[in-house]
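So the structure is just underneath, and the comments pick up after that.
The values are calculated or read from the model by the stated rules, or taken from the named source; none is laboratory data. The model shown is predicted, which means the values in this text are computed figures rather than measured ones. Heads up, the Cβs are rebuilt from the backbone with ideal geometry, glycines too, and the neighbour counts pull from every protein chain shown. Note: accessible area is taken over every heavy atom of the protein model, side chains too, but ligands, DNA and RNA are not part of it. Shrake-Rupley method; radii C 1.70, N 1.55, O 1.52, S 1.80 Å.
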Amino acid sequence: MTEFSPWLAEHLKVMSIWLGTFCTLGLFSILYRENKLYRFFEHLFLGISMGYLMGNVWTDTLRPKWWIPLWDKGEWWQAGVLIFGLFYYLIFFKKVSWIARLSIGFILGASSGLAFQGFVNDYWPQIPTSFKPLWPHQAIYDKTGLLVSKALSVPDAINNLIFMTILVCVMSYFFFSIEQNNRVLKRSAQAGRWMMMFTFGAIFGSTMMARIALLIDRLDFLVNDFGSHIGGQGVMFTLLLFLCGAVIFLAQRTDKE
Amino acid sequence: MQTRNVIRYLNRIDRRVLYTLLIIAITIPFFFTIQIRVPISRQTEQLYKVVEALPQNSFVLFGADWSASTRGENRAQSKALLIHLMRKKIHFIILCFDPQAKTLMQEMVTGMQKEYGYTDGVDWANFGYRTDQVNFLKGFGPDIPTTLSMDINGKRVQDLPVMRGIHTAHDITMLINVSGSTTTETYIDYLQGSYNLKMVAAVTSVMIPEMINRLDSGQLVGMMPGLQGAIEYEQKLGYIGKASAASVSASVAHLLIIALILLGNIYTLIEKRMSSSVRGRN
């Protein structure tokens, strides 16, 4: 688009910063409460994302992998993919809805096979590495001088012991083959539940860190990138404080009413 | 009486006041050029060593799967990794399973290529956004040129010097995945596991607990954990980027949140004690 308009090419960056600022502030307005401005920018963002996705599916996948071979190279059999895909929509017509099962069955079968491969590649390597040595030792070599086991220091052995204890406790929590009346099993399952709670806490903490990082990025954009267009960081910071003050004032007034 | 008043005030505090405090805590450090030197974590150290050990002209597949929504963490991670690759004159191609990443990465690399003497198509190439990661990777592993077919400029794989000698996944020296979603797992499931590829990942903070297992099992040989990882990596590179600049803001924001959590808990304890003493008197 910028090829047709030198003015647009010149001002595109500034325009995108102004637009980005309005969109960011519009979305931040949810911090006050649910409002129409927020709804507008939310829908705008969703619409643009979806349109952008569809455009990219066409330019990066469908056009080079399907359209060009079909029309330019004369690979007419590629049209079969479209027909096979359109079978899905026959589910809306009672008389021929059985045809849709062909596409659905094919996709389900292929996905199941692929999921099995994914499971094997993802989890199997994790099983042998869960068996960790617990006794400190020097490096062990076989007769040919090949390293069989790396040296294990005392702190590493303690680390492995903690790992193994947690692993056994958590696994015992998910042991449902017999009723957990046994004292040892009951206690270890309880400990396993505690360990999982710690993990969920750690995940929640990480989530908080991630969200803060995203907020820092947005505020960096507002104060540093946009701020430089309206007179500096200080001006934007003052503007932000003013907006926050206005939000608090409005919120308190609404609460009183 | 005074304690009760303070508790009453804390109980009524508007959540928007807390948002304002957080905004102030994050923004004020922008006015100063202070940096916090952080200890380098084992994961980041491992990642740095693996990239550092790559021989010149190695071929790296750079999987960028992030969008504007995780830009706060993934942008700094991507830039730090690209700087390291470009300093070492390593060839790379970009592949995205998120449509926004295609444009964000293109802007980033074109902005850097002049400084490091890189040329599009010769030292690096962007193959843009691809749909359906699982099926794409199934085809990509055994036959890279046919699956990629052309880059985002419309140039055929056969005409790109960077792709010379690259036929299957066995020709890839290392796979880097910068991700804000589950694409790292899919790469492990359908490319790393099947071809025993050397793989590293730069993930968002939320994904760290899930990825630690993969690092422990050797499926990943290095990891950059969230913004913290980006700060550490920039420090290793001796480069002050967006992550280093955000280090003080992040620390102040975390301290504020910890203080607020403690305050909330103290408030709950005092309130509990006061209500039980009132009940005791009655």
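The table below lists the values:
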| read-out | value |
| --- | --- |
| Hey, B:Glu210 among the charged types (D, E, K, R), in a helix (DSSP H, G or I) and within 14 Å of chain A (Cβ to nearest Cβ) or not | yes |
| Per-region count, the range A:116-162, residues touching a Lys or Arg at 6+ places or on another chain (Cβ under 8 Å) and among the polar types (S, T, N, Q) | 2 |
| Odd one out for B:Arg130 among (1) among the basic types (Lys, Arg); (2) open to solvent by 40 Å² or more (accessible area, probe 1.4 Å); (3) within 26 Å of the chain's Cα centre (by Cα) | (2) |
| Neighbours by Cβ (under 7 Å, 6+ apart or cross-chain): first from the range A:123-150, closer than 21 Å to B:Val221 by Cα and within 13 Å of chain B (Cβ to nearest Cβ); second open to solvent by 50 Å² or more (accessible area, probe 1.4 Å) and of a type in the set (D, E, K, R) | A:Thr129/B:Asp216 |
| Candidates B:Leu269, B:Leu220 - the one that is on the phi < 0 side of the Ramachandran plot and assigned to a helix (DSSP H, G or I) | B:Leu269 |
| Every residue from the range B:1-20 that is within 27 Å of B:Val248 (Cα to Cα), open to solvent by less than 30 Å² (accessible area, probe 1.4 Å) and assigned to a helix (DSSP H, G or I) | B:Arg16, B:Thr20 |
| So A:Ile203, is it open to solvent by 20 Å² or more (accessible area, probe 1.4 Å), in a helix (DSSP H, G or I), under 19 Å from B:Asn74 (Cβ atoms) and within 8 Å of chain B (Cβ to nearest Cβ) | yes |
| Residue in the range A:27-50 that is nearest to the chain's Cα centre (by Cα), counting only those that are farther than 22 Å from A:Arg253 by Cα and among the aromatic types (Phe, Trp, Tyr) | A:Phe45 |
| Yes/no for A:Ile216 being out of contact with any Cys (no Cβ under 7 Å at 6 or more places or on another chain), over 28 Å from B:Met224 (Cβ atoms), without any contact (Cβ under 8 Å) to a residue 12 or more places away in the chain and open to solvent by less than 60 Å² (accessible area, probe 1.4 Å) | no |
| Residue satisfying all of: in the range B:97-112; at pLDDT 95 or above and among the polar types (S, T, N, Q); most open to solvent (accessible area, probe 1.4 Å) among these | B:Thr110 |
| Residue within the range A:226-235 that is touching a Pro at 6+ places or on another chain (Cβ under 6 Å), surrounded by 12 or more Cβ atoms within 10 Å (Cβ to Cβ) and within 11 Å of another protein chain (Cβ to nearest Cβ) present | no |
| Selected residue (only one of A:Arg63, A:Arg33 is surrounded by 11 or more Cβ atoms within 10 Å (Cβ to Cβ) and outside any helix (DSSP H, G or I)) | A:Arg33 |
| Which numbered condition B:Arg164 fails, given (1) open to solvent by 50 Å² or more (accessible area, probe 1.4 Å); (2) over 21 Å from A:Leu114 (Cα atoms); (3) free of Cβ contacts under 8 Å to residues at least 24 places away in the same chain; (4) within 12 Å of another protein chain (Cβ to nearest Cβ) | (4) |
| Some residue of the range B:183-204 being over 28 Å from A:Pro125 (Cα atoms) and surrounded by 23 or more Cβ atoms within 10 Å (Cβ to Cβ) | no |
| Neighbours by Cβ (under 8 Å, 6+ apart or cross-chain): first from the range A:62-80, within 13 Å of chain B (Cβ to nearest Cβ); second among the charged types (D, E, K, R) | A:Pro69/A:Glu75 |
| Single residue of B:Ile36, B:Ile23 found to be part of a helix (DSSP H, G or I) and out of contact with any His (no Cβ under 6 Å at 6 or more places or on another chain) | B:Ile23 |
| Subset tally (residues that are touching a strand residue (DSSP E or B) at 6+ places or on another chain (Cβ under 7 Å) and β-branched (Val, Ile, Thr)) for the range A:17-76 | 0 |
| Evaluation of B:Asp171 against (1) touching a residue at least 24 places away in the same chain (Cβ under 8 Å); (2) touching a strand residue (DSSP E or B) at 6+ places or on another chain (Cβ under 7 Å); (3) crowded, with 16+ Cβ neighbours inside 10 Å (one fails), failing number | (3) |
